[in-house]
Each structure stands twice: as C-alpha cells, then as structure tokens.
Amino acid sequence: HFPSEVLPPSAIHRRHGDQIDQCVRAAKQHGLEVHVWKVAWYLGHLAPTDFVAKLDAAGRAQVSVRGKPKDWLCPSHPENFKLELDSMLEVARKYPIDGLHLDYIRYPDREYCYCDGCRERFEAASGRPVTRWPTDCYSGGRKDEYNAWRCDQITRLVEAVSREARKIRPDIKISAAVYGSYPACTQSIAQDWVAWAKAGYVDFLCPMNYTDNDRTFRALVSNQLRLLDGCVPIYPGIGATSSHSTLSVEQVVGQIHHARELGASGFTIFNLNATTAEKLLPGVGASLEPKDAVPPHRSTH
C-alpha cells in the first residue's frame, strides 16, 4: 500500500496513493499512534498473482507434509527472510511511525513446511541427515527437534526486525498478533510468543482471543498474564467480527471489562471498518468507564 522498493504495489496504492503516508498524516492530527500492520509470509491476502507465481516458480513457497504447495513463503528460505525483513525496515526508514505490528508471524499449521529446502537447511543445522523424510520430522523420532527448528525460523525474523528497526527508530514499538492458546501454538504453528516477550523482542502482544464464550476468554487472558508475568503488556484481542465469533456491542463491552478485571493493560477489537465503526464504537464508547474507575462485573454469556 505504499511506494516500496522491495514489494510490488497493491491495487489500492495504485488507485488511491500512499496509504501509510496518508494514515500517518491523519493520525498525527488527532494525537494517534500509528503501528503499521504487516502480514508476514502469507501470500493469499493482497499479493499480486504474478508476484506469487514468480515466487512459486523459484521454489520459495511452503510445501505440506504430503507434498502440496501453498501460497505462503517458506520461513527458512534465506531470500524470503530477507524480503520480509527488508520490507518492514523500509517502512520504519521512510515514515515517522510509532510501531511495527506483525501478523501471520507463524506457519499455517503443523502440516507445513516440508519443502526440499527445509530438509536441506534442517539437516545442515542439526548436523545429520534425515533418514525418512518427511516422516521422521513430522511424526517420528525427530518430530520435537524439527518443531523446535520451525519455531526458530519464525523467532529469528521477530528478533531481526526488533534489532534492526530499533537502530533506525530507537523508540519504535514492536508488537505481534498471536494465537491465544499457549503452549499449543508452539506445536501447531511454531509461534513461541512467550520466548519473544522474555527475550525483549516485542514491546507488547495482542493475543487473538476470538471467542463468544466469556469463560474461554477469561481463561485465555488469565493464562497469558500468568505466562508473561508482567514482562510485556498484553492487549487481548476481542473478536467482534472474526471467523470464530461475531459479538454484539454488549458482548464486546463485557469482554473489555473481563480483560480489565483480570489485569490486562488494554484491549483490541477485531476489526475496524466502516460497518463496525458505525455499529460498535458509539455503544462501546458510551459504556466504558475510565480505566482507573472500578468497572462493574458483567457477564455476557
């Protein structure tokens, strides 16, 4: 959505101009911070089809354990790592932004990635060959070792973005939208966000606790706060319009109160668009009290 020297322009940028510049200018007029949202690895959102085809042809896409390709960049591929890092640093360098927010900073699921490049790079890192590829790494004796290596492929990008972006803008904040269930997400999508927080790679986290069940929401937030133990703030994600939940204004307000009552530093609502702004924001704004006030307990089952 901006004139990049690394990524191809989106249709939105071609039609409406530099979206980051417009966003930053508008936000600064109203005292708002801008944390630029970056979709990592995933090519199916807005990436031009010719760009995706070019990367696929170059063997840079992920491959499932059954040999099926997917429109996600393989995180272990060195050129993919460079593309992701360079594109994020380019934004930090060009615009007076307050933060970089990483989304899709993971694998799609446990079925990925088992491309030939992953085998070669895993064998080099471990110092020994895989006898039965990919079975040994997916369900055999090297399963745990391979999954730890998958986690490393994601973590190294988070670390590099954090380190290099802070060289450009020392006050920049690095954050990520992460799966709510931990440690399950370390096995399924190789996303070890607790390790990122404890290592200082992120300044805050937004767990995607998208559910219409308040007991589940409270359990997720409680576990997240316990795991992080105050090392970074969390802003639990409330799934007003997610694929997992559609919430009423009352349910959104109820989950905000639950997050506050449990001690979260704030909250996020997924997602902001013209419809949700019209339907949710007036009710949410009217219902919420200042954070330093004691909110009433409210159940929204």
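The values are calculated or read from the model by the stated rules, or taken from the named source; none is laboratory data. Bear in mind the structure is a predicted one, so any value in this text is a computation, not a measurement. With ideal geometry, Cβ positions are generated from the backbone for all residues, glycine too; neighbour counts draw on all protein chains shown. With ligands, DNA and RNA removed, areas are computed over all heavy atoms of the protein, side chains included. Shrake-Rupley method; radii C 1.70, N 1.55, O 1.52, S 1.80 Å.
The table below lists the values:
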item	result
Top of ALA47, ALA26, ALA184 by mean-square fluctuation, Gaussian network on the chain, Cα under 10 Å	ALA26
Two-decimal Rg/Rh across the stretch 1-150, once Rg and the Kirkwood Rh are taken from alpha-carbon atoms	1.06
Antiparallel DSSP beta bridges within the stretch 169-301, as percent of all bridges there, nearest 5	10
Alpha-carbon gyration tensor eigenvalues x 5, square-rooted, for the stretch 163-242, Å	24, 14, 12
Rg over Rh [alpha-carbon atoms, Kirkwood Rh] for the stretch 30-101	1.07
DSSP beta bridges in the stretch 7-160 [antiparallel fraction, %, rounded to 5]	50
Whole-angstrom Cα spans of the stretch 113-182 along principal axes, big to small	47, 29, 17
Accessible surface, per residue, of the chain when the full set of protein chains is kept, probe 1.4 Å, Å²	49
Protection-proxy order for peptides 145-156, 12-23, each taking the mean of Cβ atoms within 10 Å per residue, highest first	145-156, 12-23
Within the accessible area of the chain (1.4 Å probe), percent carbon and sulfur	52
Peptides ranked, highest mean first, by Cβ atoms within 10 Å: ranges 228-236, 71-79	71-79, 228-236
Sites ARG93 and ALA58 - FRET efficiency at Förster radius 30 Å, r taken between beta-carbons, to 0.05	0.70
DSSP bridge orientation in the chain - percent antiparallel, rounded to nearest 5	25
Computed log₁₀ I(q)/I(0) - Debye formula, equal Cα scatterers, no solvent, the stretch 155-301, q 0.11, 0.14, 0.20, 0.21 Å⁻¹	-0.44, -0.70, -1.22, -1.29
Magnitude of the charge dipole, the stretch 1-158, Cβ model with Lys/Arg +1 and Asp/Glu -1, debye to 20	220
Translational diffusion coefficient (Stokes-Einstein; Kirkwood radius from C-alpha pairs) of the stretch 71-224 at 10 °C, 1.306 mPa s, in µm²/s	95
Candidate values (i) -0.39, -0.74, -1.42; (ii) -0.72, -0.90, -1.21; (iii) -0.57, -0.84, -1.17, label of the one derived for log10 I(q)/I(0) by the Debye sum over Cα atoms at q = 0.08, 0.11, 0.16 Å⁻¹	(i)
Space enclosed by the convex hull of the alpha-carbon atoms of the stretch 16-71, per residue, Å³	104
Burial order of peptide ranges 123-129, 167-173, 194-200 (average beta-carbon count within 10 Å, highest first)	194-200, 167-173, 123-129
Pairwise FRET efficiency - ASP152 versus SER222, Cβ, R0 = 41 Å, nearest 0.05	0.90
